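The values are calculated or read from the model by the stated rules, or taken from the named source; none is laboratory data. Predicted model, so just to flag it, every value in this text is computed and none were measured. Methodologically, a virtual Cβ is constructed for each residue, glycine included, from the backbone with ideal geometry; neighbour enumeration extends over all protein chains shown. Each accessible area value is taken on the protein alone, full model and side chains, heavy atoms only, with ligands, DNA and RNA left out. Shrake-Rupley method; radii C 1.70, N 1.55, O 1.52, S 1.80 Å.
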Amino acid sequence: MERPITFTNEGQQIVGILHIPDGEGPHPGVVLFHGCTGSKSEAHWIFVKLARRLCGEGFVVLRFDFRNSCDSEGNFEDMTISGEISDGLRSLEWFSKRPEVDEERIGLLGLSLGGAVGACVAGRSPLVRSLVLWSPVARPKETFERLMAVKGVEIGEFPVEQGGFRFGRAFWEELPRIHPLKEIRFVKGPVLIVHGSEDRTVPPMSSEEYQEVLEKYRLPCERVVIEGADHTYTGTEYENLVIEETVRWFRRTLAERRRHARP
């Protein structure tokens with residue numbers, strides 16, 4: 001079953017889709033965080049495909065638009081990473097209280113900037129028992145400054161417009177205070193990091209940095225590089241690979257955990 005849902009954060013409406021599997025619950029669950037200028041469907045609908053695949057495996061899945069993006073309330077010019085972290089924490093709170101969801105078996109997945117948001121949220125929330133990062137941004141300030149320089153966009157007057165999106169002053173001014181590599185140290189569960197070898201938006205070195213931090217603090221992690229894949233795993237071959245790796249991970253770290261815990 002796929003059901004449109006809404007919840008609120010800081011007085012604004014957030015719009016999403018809840019995927020509910022057949023059978024008696026509660027089920028393990030996964031929440032998806034989209035990237036910058038993305039949406040609850042993401043590029044070539046990869047979040048829809050992932051959510052349906054996970055749902056078929058017995059997971060409840062929530063995919064939603066952060067405030068100021070797509071169908072959720074607000075204007076993109078007011079988007080900030082701290083605001084998306086707040087939305088992410090609120091989404092987990094809302095999701096964990098659903099009767100279909102086993103609150104002890106909740107996973108989180110973030111793509112690109114959503115990966116940085118996911119790292120921060122997972123570091124702060126005890127609800128996240130398993131984390132997957134796709135093409136994650138590790139250093140937001142450096143990443144966005146580099147991307148704007150490559151595109152020849154001056155960061156001087158605000159808002160900064162790029163690709164039809166207007167980035168407001170608050171977004172740029174808080175970038176030096178966003179540190180996902182520091183926050184992921186406090187994650188409560190295992191982490192899978194996936195990256196395409198041909199990612200030109202967020203180079204694979206970014207995910208190497210996450211891996212180094214996790215290994216330094218002796219936190220369980222795995223890193224998978226998909227040879228030939230771009231930033232959003234464009235193409236059926238790459239799409240299938242990243243989805244299968246993700247399903248494998250959540251099946252092992254969430255779906256099978258309760259089964260093994262029983263006598």
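Restricting attention to the range 90-104, the residues that are surrounded by fewer than 18 Cβ atoms within 10 Å (Cβ to Cβ) and of a type in the set (Gly, Ala, Ser) add up to 1. Collect the residues in the range 62-117 that are over 26 Å from Pro21 (Cα atoms) and either at pLDDT below 95 or among the small types (Gly, Ala, Ser) (or both), keeping them in residue-number order. Hits for the range 62-117 are Ser69, Gly74, Ser82, Gly83, Ser86, Ser112, Ala116.
Take the conditions exposed (fewer than 15 other Cβ atoms within 10 Å of the Cβ), small (Gly, Ala, Ser) and in contact (Cβ under 8 Å) with a residue 60 or more places away in the chain and apply them to Gly163. Does it pass? It is true that Gly163 is exposed (fewer than 15 other Cβ atoms within 10 Å of the Cβ), small (Gly, Ala, Ser) and in contact (Cβ under 8 Å) with a residue 60 or more places away in the chain.
Of the residues contained in the range 222-233, none is found to be of a type in the set (Ser, Thr, Tyr) and exposed (fewer than 15 other Cβ atoms within 10 Å of the Cβ).
Of the strands (runs of 3 or more DSSP E) lying entirely inside the range 149-246, those containing at least 1 residues that are within 23 Å of Ser69 (Cβ to Cβ) are 160-162, 165-167, 191-196. Glu208 falls short of the stated requirement of being open to solvent by 30 Å² or more (accessible area, probe 1.4 Å), modelled with pLDDT of 95 or more, within 19 Å of Gly88 (Cβ to Cβ) and of a type in the set (Asp, Glu). Taken as a whole, the condition of being at pLDDT 95 or above, under 27 Å from Val225 (Cα atoms), surrounded by fewer than 16 Cβ atoms within 10 Å (Cβ to Cβ) and more than 17 Å from the chain's Cα centre (by Cα) does not apply to Glu174.
Just name the residue that is surrounded by the fewest Cβ atoms within 10 Å (Cβ to Cβ) out of those in the range 141-158 that are touching a helix residue (DSSP H, G or I) at 6+ places or on another chain (Cβ under 9 Å) and of a type in the set (Val, Ile, Thr). That would be Ile155.
Figure legend. Inter-residue proximity from the range 110-131: first residues outside any helix (DSSP H, G or I), second residues buried (at least 24 other Cβ atoms within 10 Å of the Cβ) and of a type in the set (Ser, Thr, Tyr), beta-carbon distance below 7 Å, spacing 6+ or different chains. Indicated pairs: Leu111/Ser135; Ser112/Ser135.
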